[in-house]
Every structure is written in structure tokens, then in C-alpha cells.
Amino acid sequence: MFAEVVVDVMADSLDKIFDYQCPENIDIKEGHRVLVPFGKRKLEGYVLKLKDSTDYDENLVKQIINVLDPQPLITTEMFEVIKGMVEAYNLRIIDIIHLIIPAQIRSGKIKQQTTKMCYLTQFGLSNLSSIRANSKNQILACAYLKDRPNADIVDLNKKFGNATITKLIEKGYIAYNTVNRNRNPFKEDVAVSQPFNLTPEQKLAVDKILSKDNLFNLLFGVTGSGKTEVYMRVISEAINQGKTAIMLVPEISLTPKTVKQFKSRFGDMVAVLHSGLSDGEKFDEWYRLYTGEATIAVGARSAIFAPLTNLGAIIIDEEHDSSYQSDSNPRFETVTVAKIRAKYNNCPLVLGSATPTIESFYKAQNGEYNLITLDKRINQMPLPKMEIVDMCSEFRSGNKSMFSGTLLNFMSKAIANDEQIMLFLNRRGFSSFQMCRECGFIAKCTDCDVSLVYHKEDNLLKCHYCGKRFKPLTICPSCGKNTIKLGNTGTERIEDELHELFPTTKVFRMDNDTTTTKSSHANILKAFENTKPAILVGTQMIAKGHDFPLVTLVGILDADLSLYYSDFRANEKTYQLVTQVAGRAGRAEKEGRVVLQTFFPKHYVYNFCSNYDYLRFYNKEINLRETASFPPFSKIIRVLITSENDEIAKNVTHDLFLKYKDLRIKYKTEFFFLEAMRSPHSKIKNKYRYQVLMRIKNDNKQLVKEIFDISNIIINKTSIFTEVNPQSLD
């Protein structure tokens, strides 16, 4: 017997299949992690296929040394995922395996923890009176265990002392069993909750999803329309049928809230998977799902690879969010993986959003997805009134701050009424750059072609791409003058100004700088929820999913940030961000209000936002996309070339471009666009960046394969990545 093995080395030159002999004394299965000889080294690898013969000389084919796990870590279903992702995204097999099997499982360094669960023996129960009266802790410990069938020895030692418990074990009063002890990432106790009564709209939505008329469903529901309860009912039905489920949220900040909701409904059946867990917690939660101890995976993007079998439902909440698309190697779209798993398990996939992507809504309109609509808030309250403020007019009237008079007036009223406020600005730091007024010099990162952001709290200039830090400028290094000014305002500066404007009101800030620890997201949100009045200022991590009954006012401080970005999705992203953050207001009894500050108040996107008119926005946007041949009417392929040597990167780009030009001649009717250029950020982490952009027709798989084949060349000192429909062209 022979095995096809991929070795665990992340190198293009080794992205191939190697044949090994299977020793007769070892039971090897497809999907097993194995140890194999590779040159002079011993490497880990994964068995992709077993076969009776090999095309090579059998005498030269080396033997597998050992199997590293009792059971295969890659299931038949995950082999389908690997096949689909290789075809769709031209990824290396080992990179996909790393997504499927987390590093904590692969490394072997993390082990399951065990503990001793103690109980009172029959001897102890019969001889309690024989314990000496002055051994008070021993008497108390036995009395404690008398009321409990099992108690963790760690807890007993804390309560009664190590010496006491050790003595009782030696005497035979207490015995113990050694059991696995999970590192629980969710420490909060939650009360058991019962399902809410469904509205007719919600019940219809659940019935449509469970009918499986179409496995792929788009749940288009306004903010506050009760989508979460629909998700829970669908998952509950899957669990009742003995199946499993995956529930995805876009941000780690949303995970604690979602986990709390699901824990209260489904208890210990829920496991959490996201990047914010410790290594031990990741190991235990993954293993609970793998062994079937937990049957519901809740988490961010990586949870789509949860090691569950017999899936009965996959839910992707806020499906429009760009975090569902990986922007670093390996690059993939979560929805693509979800579709593969849904088809394999014949289970419903639900994509939920108040602001679906244009591509998703187009598929729903054309029958590829089942369109399900929830157009009313669950409490029948109206969507918050949105007031558009012209910041040009504010500036002309002498107001040069980030707060319009209208916003400040509403904030004062909300604070006086003990209400809560959320302020959205999608730019962190104190100031987005430092600039010389005299010569125009802007401080940039030495390793990246981006301006440095000033952070007042640390008094540092930081690069948000590579993390490098620099001392702030006091004198211009170009002209030598002390005419340094700060650029655009960030969340840190807003927090500073709020302390001055409302000194007695508690202000919270939520961005990448304040959420560096595992529990910081949950701590900030919990503190804000329990404080009134209070102001929460933050980036897009506050824009979706949060439900605070006392938030009556939302301020969007600079709505234009995403509007004039060099991206065909700029209008769509602006509509989504504005509508999502606006939806945080007025979710309970009190009516909500939104103040949107802009320098372009007549832009059509803001008109649609203020009326929450997604359908009219979609109709205008889809016409523009069709006219310009942008997705969903085409597929964008980006080939990114990076190297520490600018000349090498440029030459490789030129050579690739010539090959793509030949391909365009061959498939002339299939190409809408082909061009090579420097990337907008021409240098990141000391690597020069070039790109070739193509727009091609959607349905030609052979053309896509030939593009991938050209991109797969291996060139020394150069990285070449191919992306399909990238979220960003930076």
C-alpha cells in the first residue's frame, strides 16, 4: 500500500504530492497526520490518498515513519473543501490544511489538561465521626463533599488547603478520578433563556429556510428585525435532528455577545473559535467540536473550518462584512467555503444582513439564493430619523471642530436624559499624519509607502501596516522649520475632545488600540452598557451587531471617509457602514436619532441612507456595475507581485503582463480589462509591490485556470499571489 502525502512545508517548490510506502504494522488512513523522511530531515505531512501502486520505483519509495494522531484530522468533507479552494483560489494544499487544522493541534506542544475530580468514599461517609474534633478543615471538606458527588481538587485545595485534602486522600476518606479539564474561554455565567415568540415574518423565514427549496438563503432584514432569533430556531431544529451547526459573526467584538446568547439557549453544546483565544483555549474548543462534545461552533471567519460532521445549518451574520474575505495568504472568501460544506451536508446556508452585498442581492434577485425579507423592527419601533449636516456650512459659519452644532445639541439632550450615545469615526489614532506647513513634508514609514499616524497617548508615530514606531516630529527633517501640524482627526483625539466638552460624562473608546487583550472587547462593551449617561466612540467595530437599549443617538462624524476611496465598491461600503451604525440607535422603547456629518450632503448615497432605501440604492448601483462590467457581471483577478528588490518586482510584473496579453488575444471576448501598475501602497514591510489587474467574464473556468498556471511560476526573491474578487486593491 502507498500513500500520497503533502509535507508540512510552506514553500511553492514543495507544493506537490510525494509517494510513500505504508508500513504493514501501522494502520494508516486518508487524512492522517504522519511523520515522513524527507531528504536528511523528518517532516510532518498529511495523507491525501491511499493507493495500491506507485508510478515510481518501489525500491526507491521511502516508508512512512509513524502516524501522529489516533484518528485522521482531515475528514472526507474537508477533502472536498480542499479541492474546491484549490480550484477557486489557486491556493497551496498545505495552506488550506493549516486553515482546517489550527497550529495548536498541529504543533503537538499543547496538550489536554487533566484534573482530579474528588468524591467522598463509602469509608469516609461511614467514618466521618472518627475525624478528630480539632481537624476542622477535614470535617468541613468532608461535609462539603457529602453534598456534592464530584468536586475539582483545585477548588478543594483553595477552600480547605492542600495539606487537608492530601491527608484525607491518604486516609481513604476521599478518592478521585482523573478527567480532562477544558480551558473555558467564556467565564461568564449565563441564565438559561427560552425562545421568544416568533412574529409571523420570522416564522415564515424559519419555515422557508428549513424547507430546503434552495440551500442558499439571503435573509434581508432591517437592523433590529430579529434575525438572531431566526438563526437560533434554524440551529435548534438542526440540533433536534441530531445534527451540528456553525454560526459566524464578522468581528471578535461581536463574539462575546453572540456566545452569551447561544450559551443561554444551548448551554455547553456551544464552542467558540476565533483568533482572540489563548492557545490552550483554541486547542480545547477545537477538540470539543472534533470529538462531538460540542455541536455548535460560534466564531469569526476561521470557524467556517470547524471540525464538525453532519452539519444541519450554517449561518453567516452580517454577510456583507469585508472581514469574511481573507486579505492575507491564504486568500479566500468564507461564503465559498460555506457553500462547499452546505452542498456536502445538504444543509441550509443562511446569509443575513440589513445591507447585503450587491453580488449577494443580485444572486437573490436571479434565483441563485432564496430571498427572505424581514422589513420591520421586532418591537415595531421606526428606524431612527437621520439628519444630514453639511460640514461645509459649519466650517463657513466658523465651526472648525469635528462636532457640528446639531450633533452637540442632540448630545447635550441625550446626556441630560441619562441616555447613551455612539459616535462613529473609521480612523483610529489621534491624528492621521504629521505634516510640515512650510514644505508639505509628510512623515512616512521607512518600510511602507504610507503616512505615520500620531498616537497622543503613547506620544508616538505608528505605522498601521507593519507596526513600526517613531518619535513624533518637532522640526521638519526636510526644510528644518518647526511648522509641524497634525492632520485628520482620529478616534483618540475625539475621545480627548469629548472629555473637555462633557467632563462629567463617561467616555469609552473602542478601536484596535484599546482592544489589544483577549477580554478587552467584552469589557468595554459591558462597561458602556452598564453606564448612563455614556458615550462610546469607535471605528467600524462598533458599527454592527450591537444592541444597547439606551442608545438613542448615533453620530457619524465623517461619513465621507469611504465614499471617495479608489474602489468600485466605495458607494456600497459607505451605504453599508452608514446604515449599520445608524441601526444601533433606538432599538428599544425610546426613538432613535442619527446625525450624519458630510462635506457632500447632496450625494445620492446619503439620500438613500437617510431613507433606509436599500432597494433604490441597489437598483442604481447594479445599473452602474452592469454598464462598467464590474462584479457581479465580471470576475476581478489581481496578481500581486512583491519583492525586496524594486527592479526584480518590476521586471517580473512586466514578464507576467506580456503572458496575460497573449492570453487576452486567445480569449479576446472574455476580457473586459487588463493592466499592470504599481500598487497604490507601493511598499509594505520593506517589500515593493506591483500588480496586474484583470476583469474577465464570470463563467470561464478554463481561462481562470490558465491565469493561475501563468501565476504559478516560482521566481527567486519574489512572491506572486493571485486573488479573485479582492476586497481591497491597496
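The values are calculated or read from the model by the stated rules, or taken from the named source; none is laboratory data. Here the structure is a predicted model, which means the values were calculated and not measured. Note: ideal-geometry Cβ built from the backbone for every residue, glycine included; neighbour counts use all protein chains shown. Remember, those area values only see protein heavy atoms, side chains included, never the ligands or the DNA or RNA. Shrake-Rupley method; radii C 1.70, N 1.55, O 1.52, S 1.80 Å.
Quick notes on this one:
- Strands (runs of 3 or more DSSP E) wholly inside the range 497-591 that include at least 2 residues being under 23 Å from the mean Cα position of the chain (by Cα) and crowded, with 22+ Cβ neighbours inside 10 Å: 506-510, 534-538
- Answer residue from the range 674-696, given it is among the β-branched types (V, I, T) and closer than 20 Å to F633 by Cα and is surrounded by the fewest Cβ atoms within 10 Å (Cβ to Cβ) among those: I696
- Residue within the range 184-202 that is of a type in the set (K, R) and surrounded by 13 or more Cβ atoms within 10 Å (Cβ to Cβ) present: no
- Residue in the range 657-673 that is closer than 20 Å to N725 by Cα, in contact (Cβ under 8 Å) with a residue 60 or more places away in the chain and buried (at least 17 other Cβ atoms within 10 Å of the Cβ) present: no
- Beta carbons closer than 6 Å, at least 6 apart along the sequence or on distinct chains, pair a first residue in the range 632-643 that is closer than 13 Å to F672 by Cα with a second that is open to solvent by less than 10 Å² (accessible area, probe 1.4 Å) and part of a strand (DSSP E or B) for K635/I696; I637/M694.
- Some residue of the range 498-505 being without any contact (Cβ under 8 Å) to a residue 12 or more places away in the chain, touching a Lys or Arg at 6+ places or on another chain (Cβ under 7 Å) and not aromatic (F, W, Y): no
- With respect to the conditions (1) under 15 Å from Q113 (Cβ atoms); (2) of a type outside the set (D, E, K, R); (3) in a strand (DSSP E or B), G280 falls short on a single one, namely (3).
- Answer residue from the range 4-23, given it is hydrophobic (A, V, I, L, M, F, W, C), out of contact with any Gly (no Cβ under 8 Å at 6 or more places or on another chain) and open to solvent by less than 50 Å² (accessible area, probe 1.4 Å) and is modelled with the highest pLDDT among those: C22
- Note on the range 110-141: among residues that are outside any helix (DSSP H, G or I) and among the basic types (K, R), the one that is surrounded by the most Cβ atoms within 10 Å (Cβ to Cβ) is K116.
- Evaluation of E626 against (1) open to solvent by 10 Å² or more (accessible area, probe 1.4 Å); (2) in contact (Cβ under 8 Å) with a residue 12 or more places away in the chain; (3) charged (D, E, K, R); (4) outside any loop (DSSP other than H, G, I, E, B) (one fails), failing number: (2)
- Screening the range 302-339 for residues that are farther than 20 Å from L254 by Cα and among the polar types (S, T, N, Q) and picking the one that is surrounded by the fewest Cβ atoms within 10 Å (Cβ to Cβ) gives S328.
- Considering the range 305-356, and only residues there that are in a helix (DSSP H, G or I) and among the aromatic types (F, W, Y), the residue that is farthest from the chain's Cα centre (by Cα) turns out to be Y344.
- Hey, G367 open to solvent by less than 60 Å² (accessible area, probe 1.4 Å), farther than 25 Å from T552 by Cα and more than 27 Å from the chain's Cα centre (by Cα) or not: yes
- Taking the criterion of being in contact with a strand residue (DSSP E or B) (Cβ under 7 Å, 6 or more places away or on another chain) and over 26 Å from Y565 (Cα atoms), the residues of the range 662-692 that qualify are R664, E670.
- So F283, is it buried (at least 20 other Cβ atoms within 10 Å of the Cβ), more than 23 Å from R233 (Cα to Cα) and of a type in the set (F, W, Y): yes
- Residue that is open to solvent by less than 10 Å² (accessible area, probe 1.4 Å), under 14 Å from I239 (Cβ atoms) and modelled with pLDDT of 95 or more, where the choices are A297, A342: A297
- Checking L553, L577, L615 one by one, the residue that is more than 20 Å from S353 (Cα to Cα) and hydrophobic (A, V, I, L, M, F, W, C) is L553 and no other.
- Wholly within the range 172-254, strands (runs of 3 or more DSSP E) carrying at least 2 residues that are at pLDDT 90 or above and under 27 Å from the mean Cα position of the chain (by Cα): 216-221, 244-248
- The set of residues from the range 24-80 being under 30 Å from A342 (Cβ atoms) and of a type in the set (F, W, Y) comprises Y46, F79.
- Exactly one residue out of D655, D613, D662, D646 is acidic (D, E) and closer than 22 Å to Q576 by Cβ, and it is D613.
- Evaluation of G487 against the conditions (1) free of Cβ contacts under 8 Å to residues at least 12 places away in the same chain; (2) over 28 Å from R625 (Cβ atoms) shows that the sole unmet condition is (1).
- In this structure, I169 does not qualify as at pLDDT 90 or above and open to solvent by less than 40 Å² (accessible area, probe 1.4 Å).
- Residues being open to solvent by 30 Å² or more (accessible area, probe 1.4 Å) and among the hydroxyl-bearing types (S, T, Y) - total across the range 206-264: 3
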